[in-house]
Amino acid sequence: MYIIGENIHIISPKVKEALAEKNERFFQELAVSQVEAGAQALDLNLGPRKKDWEEVFPWMVKTVEAVVDVPLCFDSTNLMGIEAGLKQVTKAQPIINSTSAEPERLEKVPLVAKKYNTRLLALTMGQSGIPVKADERVNIALETLIPRMLEIDYPIEDLILDPLVLTVSGCQEYCPELIEAVRTLQFAWDPPPAISVGLSNVSNAVPAENRGLINRVYCAMLMGAGLQMMIANPLDLELKETIRIIEERDASTAVGHLYLKIHDRIAAMEEPHIEDVDMNDPMQSAIWKTTQILLNKVIYADSYLGQEAMA
Amino acid sequence: MPVEIPKDNWPGAVRTITLGATAAEGGSRRQVVTVGGAKSLPFLHFEAIHPYRPVIALEIRDRRPDDWSPLLIKTWQEVVDDPASWAQAGEKLGVDLIQLTLSLTKADGSSNTPANAVNVVKAVLAATGLPLLVFGPGQAEVDNELLVAVAEATKGERLVLGICEDKNYRTIVAAALANGHLVSARTPMDVNLAKQLNILIKDMGMPLDRILMDPTTGALGYGIEYGYSVMERLRLAALQGDTMTQFPMIVTPGFEAWKTKEAKVGEGVPAEWGDWEARAIHWESLTTIALLESGADIVVLRHPESIRRIQAAIQELMTQAEPA
């Protein structure tokens, strides 16, 4: 699993404060800790920085590149800011996060990606928003995103499609469709573009104590559909353990066995089955209930783990 | 050529819930009302027997309402000053339930009190044999103060107490639990929140046959399609076996319809809108019909003519076609 570390994100109050203070040490430590934990790229979400982009983007690149060598992923709507950052990059091929199929962005962003030889993350989202159905999201990639790349002679190998994870708390019907979008997009072109998702979006607005579990179970399901790249928290040890279990096919524990079973069912285009689960084990029961809300079989509620399981 | 009608066979069913208690059951109602029990989507009689028809509650207030349409006041006339007579008028009209809302203030403008609330509820119980739903004015502190007193003074009547919302449900649930009443759980048009509130109420120990859910709906032209989808989704989940959505649904189309401009405003609207009163009654009845089709078990109405129309509609919808 290729993890783009998500922790340098302006939504975190600590990041916001450190950025206001231009605290180099804070960002260098956050960069190093993510890379040491296995992040293969670092997302930099600094917000739009409408007033100080000229200064902030290059400063961040310089600060982070002083301590790590991995690709930097510029996560912003401010294209001028991204460009200012790209000019400062001296190490790995960076990533622009992101374009969408909205005409204005699709017109401008790929040209910048091409000019600076970056990878480009493209969201399957058009002018009318994010479609629920997997097929419609795939169509946005096939009919709008990829044709634009071909038009400007942008290498499809550098394209990363993001079919957009939405939260199970409020957008539940999107969750199973996203799994199918990940599955189908792998066959969208030859050579295939990479596919990435923002995993933790699936548990936005979920009480903190359940977020990790929902992220882990969804990760196992998405890996079953073929996902090999995501923006996620590399410091989440339980998430990394789930990824390890699946990658090494380690069925030595009961929970590991269940995660593999869930992965394999999704890979075989089946649904996880209650017979795969020992419902007397509270952890397995919780994992089962989580698969059921993620497949939109059971309506999500914050206390969903407290409800008896349904077959 | 014979046409095979496809039938769904659902594993789940809506819970059967009884409102009110007769003297033999520890209350004072002449009759009880049972709702729920559906094993298929509404009125699909070819799929499953629908053991209980949807029922109508008349909404009344503990005093003359300040903010109701003059059309409603004109129709009900002087009974709006006396909740007991108002309830009797409803019973005469053939409604199944009386839904009494307590006001924030008394007619003289002073704050409502637990003693006054108890007196009004007792007067209404004495005036009619129908089961009663009692809702607070909708401010957490006052709701709790009034409803606890009412709950204790009417122990065993199996009233429905409301309105439980996520920010204020514990006191009302505890009062209902201790005194043998039911509760109504309201959430703002959101399946996740509806289910969550049901779980929270269940977790307080409330038996599942004493919970109604109010998904909130909006009126015709004011978001009813969204409310319809929420109700449909909750009902489908219930039929699929989700125990925390298997509660009968109570909706308030009277409240929703009579706050729309079309029902509320008689002057300064386009002439092609036609007669004000006719339009207002259409608004209330059409809103109600849509909600019945999406699975409502209890509809709370205001205008007598809407009630007559909905009574006729329910009778027709519950009539099973003779096999050809």
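FYI, it's all coordinate maths here, none of it is from the lab. These figures come from a predicted structure and were not determined experimentally. Glycine also receives a Cβ, built like all others from the backbone with ideal geometry; neighbour counts cover every protein chain displayed.
Once the chain from residue A:28 to residue A:257 is taken as fully extended at 0.36 nm per residue, the excess over their C-alpha distance is 78.7 nm. Dividing the Cα radius of gyration of region B:242-324 by 2.2 N^0.38 Å, with N the residue count, gives 1.31. Under the convention that each Lys and Arg Cβ holds +1 and each Asp and Glu Cβ holds -1, the size of the dipole of region A:2-233 around its Cα centre is about 360 debye.
Computed about its Cα centre, the charge dipole of region B:210-324 is approximately 320 debye, with only Lys, Arg, Asp and Glu carrying charge at their Cβ. Which whole number gives the average, over all residues in A:164-171, of C-beta atoms from other chains lying within 10 Å of the residue C-beta? Per residue, the average neighbour count from other chains is 1. Restricting attention to region B:17-317, close to 15% of DSSP beta bridges with both partner residues there are antiparallel.
Ignoring lysines fewer than eight residues from residue A:91 along the same chain, the ones with Cα atoms less than 18 angstrom from its Cα are A:62, A:114, A:115. Loop-resident trypsin sites (Lys or Arg not before Pro) (DSSP state other than H, G, I, E or B) in region A:1-104 with no more than 16 further Cβ atoms inside 10 Å of their Cβ: A:22, A:50, A:51, A:91. The mean count of C-beta atoms from other chains within 10 Å of the C-beta of residues in B:233-246, rounded to a whole number, is 3. Across peptide A:295-301, the average count of Cβ atoms from other chains found within 10 Å of a residue's Cβ is 6.
With distances taken between every two different alpha-carbon atoms, the protein assembly as shown has a Kirkwood hydrodynamic radius of 28.0 Å.
For region B:17-317, rounded, prolate or oblate, judged on the Cα gyration tensor with a ≥ b ≥ c (square roots of eigenvalues), a/c < 1.5 rounded, else prolate if a/b > b/c? Rounded, because the longest to shortest axis ratio a/c is under 1.5. For the residue pairs B:74/B:122; A:261/A:289; A:133/A:289; A:240/A:261, alpha carbon separations beyond 21 Å are given by B:74/B:122; A:133/A:289.
Restricting the GluC sites (Glu not before Pro) of region A:152-233 to loop positions (DSSP other than H, G, I, E, B) with no more than 13 neighbouring Cβ atoms within 10 Å leaves A:173. The value of relative contact order for region A:2-233, using C-alpha pairs under 8 Å at least six residues apart, is 16 percent. Sparse packing (at most 10 other Cβ atoms within 10 Å of the Cβ) combined with a DSSP loop state is found for the following GluC sites (Glu not before Pro) in region A:1-107: A:21. In terms of the mean number of neighbouring beta-carbon atoms within 10 Å, the peptides B:203-209, A:293-299 order highest first as A:293-299, B:203-209. With the cut-off at 1.5 for a/c, could you classify region A:2-233 from its C-alpha gyration tensor as rounded, prolate or oblate? Oblate shape, in that a/c is at least 1.5 and b/c is the bigger or equal ratio.
Each residue of region A:19-31 is assigned a 3J(HN,Hα), and the resulting list reads 5, 4, 8, 6, 7, 4, 4, 4, 6, 5, 5, 5, 5 Hz, derived from the Karplus form 6.51 cos²θ - 1.76 cosθ + 1.60 (θ = phi - 60°), x at Gly and Pro. Only one residue of A:31, A:130, A:159 has its Cα farthest out toward the positive end of the dipole of region A:2-233, where Lys and Arg carry +1 and Asp and Glu -1 on Cβ, and that residue is A:31.
Counting DSSP beta bridges with both partners in the protein assembly as shown, what percentage is antiparallel, nearest 5? Bridges in the protein assembly as shown that DSSP calls antiparallel: roughly 10 percent.
Dipole size of region B:17-317 about its Cα centre, with +1 on Lys/Arg Cβ and -1 on Asp/Glu Cβ: approximately 560 debye, rounded to the nearest 20. Note on region A:264-311 and region A:123-195: Cα centroid distance 27 Å, given to the nearest whole angstrom.
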